[in-house]
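Asks: One structure follows; several queries about it will come next.
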Amino acid sequence: MSLMKSWVASANSPETPFPLNNLPYGVFSTPGTDPRCGVAIGDMILDCQMAEDIGLISLTDNGLFDVPFWNELMEEGPAVWAALRSRLTGLLEQGSTDQARVEPCLVPMAQVEMHLPMVVCEYTDFYSGRHHATNVGTMFRGAENALPPNWLHIPIGYNGRASSVVVSGTDVRRPWGQLKSPDHDLPAFLPCRRFDVELEMGAIVGTASEGPITVQEADDNIFGYVLLNDWSARDIQAWEYQPLGPFQAKATATSISPWIVTKAALEPFRCDTPPREFALLDHLKDVGPMLYDIDLSVTLAPKGKPASTIARTNYNQMYYSAAQQLAHHTTAGSPMNAGDLLGSGTISGPEKSERGSLLELSWGGKEPFTLETGETRSFVEDGDTLTLTGTAKGDGYTIGFGDCFGTLIPALKDPYAR
Ligand code: CA
């Protein structure tokens, strides 16, 4: 597929993350106005609420955009998802007869504040990056036992907190927690000393399900994807994680990109999962290309300093697709709902420059790495801004998610001061 031309000139640049081919969904506000649904096009946002109010979008009896989140569209199902995309394309394509009516609905992106694009119903985080799991396992248990025995057979995950999910740009406060240093017999309650990022993609469930669903059904039920940073407190995690997995280490914040890129926009970038060491059981078997070729990067900017790229990798490094994760999630009967968010797990590649967490980049803090500004890092320091980017490269166009960034602010002096 090549660039689809729009009458919005900025959408026709090969570099813009938001060409007509993309049409990602977000929620925005301008100063003094309430949040509402919008679609990114070049350096503008189409105000969907206004477009619906003046009759440019009319897909359901009750309207889709009287609420500041995209869950209502998700609940309408794939036929309405396709109808909206088709209508938006018609409104914004070069030669559209509606241009004069659409123009007043465009808001410059530079003037807006972004909000969470959806009500996050529930949040699950997986651990399906093989290089990440191997690196972390090697550090914690040695190279012989790096991958747990179940890892090549099921996508391991844990249930996180939907309430911890925040939109890109939200500051993240360094947490306190119970830590146990190897030098001490007893734990202490202290500010986290090993705060980290995890480069992930998030898949958003659009269609609800009741009992177990197949991998194909799971893929059909996915609405779209976001960038996701699973902020992680490694010292809290090391003490608490056995035997029930991470808990407070993952409860501070999870940042997502402001834009949901739909499955439809990513269709040209589908690719296969890697070769299987063990054949997966039938209910988890691949039934087509369900990963995506999306270049990912992480940058770190110390306070007041330029950003350095610290990792580059690709979503095609995942061992399990989001469809396989979702299918597995339903096997024991758990219902899934529109707005459920599934984190992929940290995405690392085979090379050192492809590691999607500071834990891996600094090898557990033993090998601090150097930024382009000359400073060194083992973990995130107060004032650091971490930014995730994701781009899929088409023929003369780019699909982007908008940056997913957050700044670490210092721990409270006393979390129990009242
Ligand atoms: Ca994670």
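Nothing in this text is a laboratory measurement; each read-out follows from the coordinates by a stated rule. If you're wondering where the values come from, they're calculated on a predicted model, not measured in any experiment. FYI the Cβ positions are ideal-geometry reconstructions off the backbone, even for glycines, and counts take in every protein chain you see.
Asks: Would you please calculate the Kirkwood hydrodynamic radius of region 358-418 over all C-alpha pairs and express it in Å, rounded to one decimal?
Replies: 14.7 Å
Asks: Related question: For the chain, find the longest principal axis of its Cα atoms and tell me its angle to the long axis of helix 130-141, 0 to 90°, nearest 10.
Replies: 20 degrees
Asks: Could you state the principal axis extents of the C-alpha atoms in the chain, from the largest down, to the nearest angstrom?
Replies: Sorted largest first, the three principal extents are 72, 52, 43 Å.
Asks: Just how far, in whole angstrom, is region 127-149 from region 246-321 if you go by their alpha carbon centroids?
Replies: Here the answer is 18 Å between Cα centres.
Asks: Counting other C-beta atoms within 10 Å, which of L56, L190, L228, L359 has the fewest, and how do the rest follow? Numbers along the way, then the final one.
Replies: Details: L56 18, L190 14, L228 29, L359 25.
Listing L56, L190, L228, L359 from fewest to most nearby Cβ atoms yields L190, L56, L359, L228.
Asks: Taking square-rooted eigenvalues a ≥ b ≥ c of the alpha carbon gyration tensor, is region 235-342 rounded, prolate or oblate, where a/c under 1.5 means rounded and, failing that, a/b exceeding b/c means prolate?
Replies: Working: a/c = 1.73, a/b = 1.22, b/c = 1.42.
The shape class here is oblate.
Asks: Then there is this: Which value, in debye to the nearest 20, gives the size of the charge dipole of region 9-115 about its Cα centre, when Lys and Arg are +1 and Asp and Glu are -1 at the Cβ?
Replies: Working: 4 positive and 15 negative charges, 50 e Å.
Using only the charged Cβ atoms, the result is roughly 240 debye.
Asks: For the cross-link pairs K5/K305; K250/K303; K285/K366; K263/K352, which exceed 27 Å when the distance is taken from alpha carbon to alpha carbon? The partial results should precede the final answer.
Replies: Details: K5/K305 37 Å; K250/K303 24 Å; K285/K366 39 Å; K263/K352 30 Å.
K5/K305; K285/K366; K263/K352, as the Cα separations exceed 27 Å there.
Asks: Please express the Cα-Cα pair-distance distribution P(r) of region 9-115 as a list of whole percents, one per 10 Å bin, running from 0 to the bin with the greatest distance.
Replies: With 10 Å bins starting at 0, P(r) equals 15, 50, 32, 3.
Asks: For K393, go through the aspartates and glutamates and keep the ones whose alpha-carbon is under 13 Å away, minus same-chain ones fewer than eight residues off.
Replies: Within the straight-line limit of under 13 Å, K393 reaches these aspartates and glutamates: E15, E267, D293, D295.
Asks: Which of the cysteines found in the chain have nothing to pair with, since no other Cys Cβ lies under 4.7 Å from theirs?
Replies: Lacking a cysteine Cβ partner under 4.7 Å: C105, C121, C192, C271, C404.
Asks: Classify region 124-189 as rounded, prolate or oblate from the Cα gyration tensor: take a ≥ b ≥ c as the square roots of its eigenvalues, call it rounded if a/c is under 1.5, otherwise prolate when a/b beats b/c and oblate if not. Don't skip to the end; give the middle numbers.
Replies: On the way: a/c = 2.32, a/b = 1.13, b/c = 2.04.
Oblate, because a/c is 1.5 or more while a/b does not exceed b/c.
Asks: Tell me the relative contact order for region 123-409 as a rounded percent, counting alpha carbon contacts under 8 Å between residues six or more apart. Let's see the in-between values first.
Replies: On the way: 715 pairs, mean separation 77.6, N = 287.
Contact order relative to length: 27 percent.
Asks: Okay, moving on. Round to a whole angstrom and tell me the spacing of the C-alpha centers of region 156-222 and region 81-122.
Replies: 30 Å
Asks: Related question: Could you pull the Rg and Dmax for region 1-72, using just the Cα atoms, both in Å?
Replies: 13.2, 40
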